[in-house]
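Chemist: The structure that follows is given in the form of structure tokens.
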Amino acid sequence: MQRPDVVPPPAAFAAQANVGPDVYAQAAADPFAFWAQQAGRLQWDRPWDQVFDDAQWPTARWFDGGRLNVAVNCVDRHVAAGHGDRVALHWEGEPGDRRTVTYAQLLADVSRLAHGLTELGVEAGDRVVLYLPVLVETVVATMACARIGAVVSLVFGGFSADALRFRVADTGAKLLIASDGQFRRGTAVGVKAAADEAVAGLAHVEHVLVVRRTGQDDVPWTAGRDVWWHELLERQPAHHEPASFDAEHPLFIVYTSGTTGRPKGLVHTTGGYLTHASWTHWALFDLEPDDVYWCQADLAWVTAHTYVLYGPLSNGATQVVYEGSPLTPHPGRHFEVIERYGVTTYYTAPTLVRTFMKHGPQLPAGYDLSSLRLLGSVGEAINPEAWRWLHEHVGGGRCPVVDTWWQSETGAAVVAPLPGVTALKPGSATVPLPGLSATVVDDAGTETPPGVEGNLVITAPWPGMARTVWGDHDRFVRSYWAPYAQQRWYLAGDSASKDDDGYIWIGGRIDDVLNISGHRLSSIELESALVAHPRVAEAAVVGAPDDITGQRIVAFVITRDDAGADDAGLAEELRAHVALRVGAVAKPREVVVVTDLPKTRSGKIMRRLMADLTAGRGGGDTTSLTDPAALDAVQDAWTAHR
Ligand code: ATP
Ligand code: MG
């Protein structure tokens, strides 16, 4: 692939950055001392006895013996330091309603809900599931749970009753917090009925706490079980005395996106996780006191746990939280929000960037985006073409793009640049952060030579690492630790290669790696080549079984011109284009024009479902799919193509 450009940190940015170049060497010299120093950025009620303990490997223990309260770190201590009037949240609802919440106001609400949860019988260690849109109340609920030591699990508000039921049952939750309704692309729809369906017959659910959001007038109600949020809070005092919890006390359970199969509920704990979340948020996004930070992820995704909730709040950041769809009521909604609040830092996702690209550079050009000084990307590998578009048309060519590779399992960023230090290469998440070690190896554990695809592994423990899969510790060991048990390396499940400078290029999921006549090719590299063609808006590449070559490459593409469906020349044009950019072996044998691609709710392309299609298999887990119609359409296009 063509990877010519290196983008050094702008000098002015580097001169003022929070983190300077020495940090890599400092952390490498003694990673445990480095993380202990970062843990010192937090407020501890009791210091730890030991930074790291591997007696129960692969369940690690960090900062053992230490005690702290996450909510105190995220809210109280900023008020105590005299920043009570600082805006914590600029919240904007989908219909355009707005709320500004200071840290002092946040503290009052978190305290009230902490009392309220106790009134409802919730105790430390109990699970609380949140089935809410992106509301101020959602943030308050996560902090109130942390304050009393309850383990929170957020479920995307757009999930079905079935998907919710699985998570409520899996966690054995005592309390469900839901809303009366929610806005979906401009329309208010009821959700309480779905919440009721999800908890029906689950004896462990004692109460359903209901936030009034849309003012639905037909909210189904179960007397004795259901409680209105506003009525509960009204009767609680605004002061709450926090307890402190062990560094290894569970903080939340987050379910993976389900891109590769049934979602896993990863358990994250208190001290190590908060250390990793807090330091990386401060370093990656170069947080300054007058920044207005915006991570656009839904609160239910791990991205927002770490980089909306625990990271930014622990750092006392001022942030924007937006409830709705990025395209409602118009495709420029995000740019309008950036302009309105003077957003300085915008953390987004490749799927959204590609959507903006379809509308052309005139979309962002219609807004004043001059407040931006830093951009971020997460969720998938960002195609170099999309990186450059974001850099130029949204960031005005002046903002570093921080591409962060990480997972629900890693808790926080692992491979990502430091914006004032690391030279960027569009499409690469660059190198492991200070205090983290990752590399690319073959199945035997030998590092692959530059340019050769292998398995991405994390080779040393890190504080944000998940401790287990909730209720299925075997799956935790089997999925991540068994393959390189001897070396004690963590298998990420993603394929990658390193370049001559040691930069890591994520190539896709291990299961999605293509094997063509013995050549291992990365799905992302091929897709990026296709997306760089002027007629292609999006692409998904999968390997279909082939008697002669092992696999043959099938490319599903969405064209920019809508004219591609029966365009015989397009396939030939794209084959020639890929041959030129990647090599003749990478030429797609088949090109199928589609109008949509199956994606997870968090916007990731689900290649496995398309691979199943081309192999004539069915029955893959589709519970995380955004829109089943997209898969049906791909199926129809595939049938017509055959
Ligand atoms: P499941 O594990 O259930 O299949 P998932 O892996 O999609 O779901 P997440 O933990 O939300 O669930 O996503 C992490 C994955 O997202 C990574 O393993 C990687 O494949 C992809 N990813 C995230 N950020 C990046 C990035 N910056 N570059 C490349 N890939 C990324
Ligand atoms: Mg995963």
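The values are calculated or read from the model by the stated rules, or taken from the named source; none is laboratory data. Treat the numbers as computed from the prediction; the structure is a model and nothing was measured. Note that each Cβ is placed from the backbone with ideal geometry, even for glycine, and that neighbours are counted across all protein chains shown. To get the accessible areas, we keep the full protein, side chains included, count just its heavy atoms, and leave off ligands, DNA and RNA. Shrake-Rupley method; radii C 1.70, N 1.55, O 1.52, S 1.80 Å.
Chemist: Has the range 54-73 got any residue that is open to solvent by 30 Å² or more (accessible area, probe 1.4 Å) and free of Cβ contacts under 8 Å to residues at least 40 places away in the same chain?
Modeler: So far as the range 54-73 goes, yes, one or more of its residues are open to solvent by 30 Å² or more (accessible area, probe 1.4 Å) and free of Cβ contacts under 8 Å to residues at least 40 places away in the same chain.
Chemist: So, THR280, is that one within 16 Å of ligand 2 (Cβ to nearest atom) and in a helix (DSSP H, G or I) or not? Write out each step before concluding.
Modeler: Details: within 16 Å of ligand 2 (Cβ to nearest atom): no; in a helix (DSSP H, G or I): yes.
Spelling it out, it is not the case that THR280 is within 16 Å of ligand 2 (Cβ to nearest atom) and in a helix (DSSP H, G or I).
Chemist: Just to confirm my filter: which helices (runs of 4 or more DSSP H) fall fully inside the range 318-408 and include at least 1 residues that are of a type outside the set (D, E, K, R), modelled with pLDDT of 95 or more and farther than 30 Å from THR102 by Cα?
Modeler: It comes to 350-359, 362-365, 384-389.
Chemist: Would you call ASP53 more than 27 Å from the chain's Cα centre (by Cα), over 22 Å from GLY149 (Cβ atoms) and modelled with pLDDT of 95 or more?
Modeler: Spelling it out, it is not the case that ASP53 is more than 27 Å from the chain's Cα centre (by Cα), over 22 Å from GLY149 (Cβ atoms) and modelled with pLDDT of 95 or more.
Chemist: Right, here's the next one. In the range 500-522, how many are touching a Lys or Arg at 6+ places or on another chain (Cβ under 9 Å), within 19 Å of LYS425 (Cβ to Cβ) and within 15 Å of ligand 1 (Cβ to nearest atom)?
Modeler: The total comes to 5.
Chemist: Filter the range 562-605 down to residues that are in a helix (DSSP H, G or I) and among the acidic types (Asp, Glu) and give me whichever is farthest from ligand 1 (Cβ to nearest atom).
Modeler: GLU572
Chemist: Name the residues in the range 409-426 that are out of contact with any Gly (no Cβ under 7 Å at 6 or more places or on another chain), part of a loop (DSSP other than H, G, I, E, B) and within 12 Å of ligand 1 (Cβ to nearest atom), would you?
Modeler: Correct list: GLU409, ALA413, VAL414, ALA416, PRO417.
Chemist: Out of the residues in the range 378-419 that are within 16 Å of ligand 2 (Cβ to nearest atom) and of a type in the set (D, E, K, R), state the one that is most open to solvent (accessible area, probe 1.4 Å).
Modeler: Across the range 378-419, the extreme among qualifying residues is GLU380.
Chemist: Can you tell me how many residues in the range 249-297 are open to solvent by 10 Å² or more (accessible area, probe 1.4 Å), closer than 30 Å to TYR341 by Cβ and not hydrophobic (A, V, I, L, M, F, W, C)?
Modeler: 5
Chemist: Among residues belonging to the range 171-189 that are surrounded by fewer than 19 Cβ atoms within 10 Å (Cβ to Cβ) and of a type outside the set (Gly, Ala, Ser), point out the one that is modelled with the highest pLDDT.
Modeler: Only one residue tops the list, namely VAL189.
Chemist: Counting only residues that are in a helix (DSSP H, G or I), crowded, with 16+ Cβ neighbours inside 10 Å and either more than 26 Å from the chain's Cα centre (by Cα) or of a type outside the set (A, V, I, L, M) (or both), how many does the range 5-25 have?
Modeler: 3
Chemist: Looking only at residues in the range 218-268 that are of a type in the set (Phe, Trp, Tyr) and either outside any loop (DSSP other than H, G, I, E, B) or modelled with pLDDT under 95 (or both), which one is nearest to ligand 2 (Cβ to nearest atom)?
Modeler: Here is the first cut: in the range 218-268, the ones of a type in the set (Phe, Trp, Tyr) are 221, 228-229, 245, 252, 255.
Still in the list and also either outside any loop (DSSP other than H, G, I, E, B) or modelled with pLDDT under 95 (or both): 228-229, 245, 252, 255.
Values: TRP228: 37, TRP229: 33, PHE245: 28, PHE252: 17, TYR255: 11 Å.
The selected residue is TYR255.
Chemist: Just checking, how many residues over the range 142-157 are over 14 Å from HIS240 (Cβ atoms) and touching a strand residue (DSSP E or B) at 6+ places or on another chain (Cβ under 7 Å)? Explain how you work it out, then say what you get.
Modeler: Looking only at the range 142-157, we keep the residues that are over 14 Å from HIS240 (Cβ atoms), and these are 142, 151-157.
Subsequent filtering for residues that are touching a strand residue (DSSP E or B) at 6+ places or on another chain (Cβ under 7 Å) retains 142, 151-155, 157.
Qualifying residue count for the region: 7.
Chemist: Show the residue pairs meeting these rules: Cβ distance below 7 Å; 6+ apart or different chains; first residue within the range 350-363 and more than 8 Å from ALA537 (Cα to Cα); second residue surrounded by 13 or more Cβ atoms within 10 Å (Cβ to Cβ) and among the hydroxyl-bearing types (Ser, Thr, Tyr).
Modeler: Correct list of pairs: PRO350/SER377.
Chemist: Determine, yes or no, whether ASP511 is touching a residue at least 24 places away in the same chain (Cβ under 8 Å), in a helix (DSSP H, G or I), under 28 Å from ALA300 (Cβ atoms) and open to solvent by 40 Å² or more (accessible area, probe 1.4 Å).
Modeler: Taking the combined requirement at face value, the residue satisfies it.
Chemist: When residues of the range 109-128 are filtered for being open to solvent by 20 Å² or more (accessible area, probe 1.4 Å) and touching a residue at least 40 places away in the same chain (Cβ under 8 Å), how many remain? Lay out the reasoning, then the answer.
Modeler: Going through the range 109-128, the residues open to solvent by 20 Å² or more (accessible area, probe 1.4 Å) turn out to be 109, 112, 115, 118-119, 121, 123-127.
Adding the requirement that they be touching a residue at least 40 places away in the same chain (Cβ under 8 Å) leaves 109, 112, 115, 119, 121, 124-127.
Going through the range 109-128 one residue at a time, the tally reaches 9.
Chemist: Pick from THR269, THR222, THR303, THR259: which is among the polar types (S, T, N, Q) and within 16 Å of THR404 (Cβ to Cβ)?
Modeler: THR303
Chemist: Open to solvent by less than 30 Å² (accessible area, probe 1.4 Å), of a type outside the set (Lys, Arg) and under 23 Å from the mean Cα position of the chain (by Cα): is that true of GLY583 in this structure?
Modeler: Criteria not met by GLY583.
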